[in-house]
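Structure, as structure tokens:
The values are calculated or read from the model by the stated rules, or taken from the named source; none is laboratory data. The model shown is predicted, which means the values in this text are computed figures rather than measured ones. When we count neighbours, we look across all protein chains shown, and the Cβ atoms used for this are built from the backbone with ideal geometry, even at glycine. We work out accessible area using only protein heavy atoms, side chains counted, and drop any ligands, DNA or RNA first. Shrake-Rupley method; radii C 1.70, N 1.55, O 1.52, S 1.80 Å.
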Amino acid sequence: KQIILSGIQPTGTFTLGNYIGAIRNWVKLQEEYDCAYMIADMHALTVRQDPVKLRQQILSAFAVLLACGVDPKKSLTFIQSQVHQHAELNWVLACNTQFGELSRMTQFKDKSAKHPENINAGLFTYPALMAADILLYQANLVPVGVDQKQHLEITRDIANRFNNNYGQTFTIPEPYIPEIGAKVMSLAEPTKKMSKSDENQNAFITILDAPEVIIKKFKRAVTDSDMEIRYAEGKDGINNLMSIYSTITGDSYETIERDFSGKGYGDFKTAVGEAVAEALRPIRENYDRLIKDKAYLEETYHDGAQKAAYLAEKTMRKVYRKVGFLAK
Ligand code: TYM
């Protein structure tokens, strides 16, 4: 069986973008692959976090993953910081990653421009930690949204370089990016990615938003001055709504165009809002139940961390031997 690994940062509630671009596919893939899914809490430290809030967010993020249908009986489900091998491999890989290639990362450029007061070393070497996450488990496939593509490319470069220098050690992973929904756009500015750090609350839907809130936000979604519900160049708002509707209902763009021909944007926005609200309803209900069951959550992430550490340690032993460290 092929191995899958992916991760998500526990910063703020997850958005519809996280769900459509990543988590939804994680749930589907667990039927066919050996999957490992983690809360990337170590990555979250690249931005200043309030410790009390972060602790809550990690637990809540873990509960959301389970609520979405990530099944700890089928998939390895864990929290990154609880598996110390991630930090260990990060160091070795950082020493095999060049300043120049890290400088070219668009996410580093964007984030350092946005937070000039905190351009820390972790933010810069972040791709080495992400490479460690993936390579520790010898993953073949990494299901992500399009914004993570460059990080996957550098992961492949680092892995290939390491294999060439030290001999075959790591599986070279492939990104797994959905055809539709790999970049869900902001509802307020549909040329921008939907992001949980957006200041405008109407720009994004969170997985835990109440149905009425979801429907209201879709009603306010920015579209264009045209009238036709048609997937076309320049119709970013409508294109975004169509791709969301398509991933949720399974309808093709042709079907949507046919079903909504002659109808107005208002009708379509209501339909999208209702479809999304309906799709997220069971997740919210699962979450409300799970978040109260602290004992179950704790047991589940402890168990996940133990199993993950076992696999990670196998790779780590190999890596330490290859680079020339002594056996313990
Ligand atoms: P993060 O936490 O920013 O996002 C988690 C996943 O959600 C996807 N995503 C989107 N997809 C479609 N449309 C959007 N608007 C949208 N916004 C986010 C992201 O592409 C991602 O797949 N560095 C990673 C976390 C990570 C990771 C890993 C991922 C850490 N280690 C190892 C894969 C493998 C991140 O910050 O994702």
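Over all other residues within a Cβ to Cβ distance under 15 Å of MET185, the charged ones net out to +2, with Lys and Arg as +1 and Asp and Glu as -1. Under the simplified labelling scheme, the ARG317-ARG220 pair shows an inter-label distance of 5.6 nm, with each label point 7 Å from Cα along Cα→Cβ. Among the protein heavy atoms of the chain, carbon and sulfur supply 50% of the accessible surface, probe 1.4 Å, non-protein parts ignored. For LYS111, the lysines whose Cα falls under 24 Å of its own Cα, not counting residues fewer than eight places away in the same chain, are LYS53, LYS149, LYS183, LYS192, LYS193, LYS196. Taking all protein chains together and rolling a 1.4 Å probe, GLU254 ends up with roughly 130 Å² accessible. Placing pseudo-labels 7 Å out from each Cα toward the beta carbon at GLU278 and ALA210 gives an inter-label distance of 2.1 nm. With R₀ fixed at 22 Å, the C-beta to C-beta distance from LYS114 to LEU54 puts the FRET efficiency at about 0.70.
For segment 229-328, the list of chymotrypsin sites (Phe, Trp or Tyr not before Pro) that fall in a loop by DSSP and count at most 11 other C-beta atoms within 10 angstrom reads PHE325.
Note: segment 201-288, Cα convex hull, 85 Å³ per residue. The simple Förster model, with R0 at 45 Å and r as the Cβ-Cβ distance, assigns GLU228 and LYS328 a FRET efficiency of 0.10. Can you compute the FRET efficiency between ASP293 and GLU254 using 1/(1 + (r/R0)^6), with r the Cβ-Cβ distance and R0 = 30 Å? Round to the nearest 0.05. So the FRET efficiency works out to roughly 0.10.
Taking K and R as +1 and D and E as -1, what net charge do the other residues with C-beta under 14 Å from the C-beta of PHE260 add up to?
Taking every other residue near PHE260 into account, the sum is -3.
Where only DSSP H runs of four or more residues are counted, the chain gives -16500 deg cm²/dmol as its mean residue ellipticity at 222 nm, each run worth -39500 (n - 2.57). With protein chains left intact and a 1.4 Å probe, residues in segment 201-288 average 48 Å² of accessible area per residue.
For the chain, the alpha-carbon coordinates run over 72, 45, 42 Å along the three principal axes, in decreasing order. Scanning the chain for helices, which whole DSSP H stretches are 24 Å or more long along the axis (Cα) and average -0.5 or more by Kyte-Doolittle? Length and hydropathy pass: 51-68. Label GLN2 and ASN160 with points 7 Å out from Cα along Cα→Cβ: what is the distance between them in nm? Between GLN2 and ASN160, the label points sit 1.8 nm apart. Summed over the residues of segment 64-111 and divided among them, the accessible surface reaches 45 Å² per residue at a probe radius of 1.4 Å.
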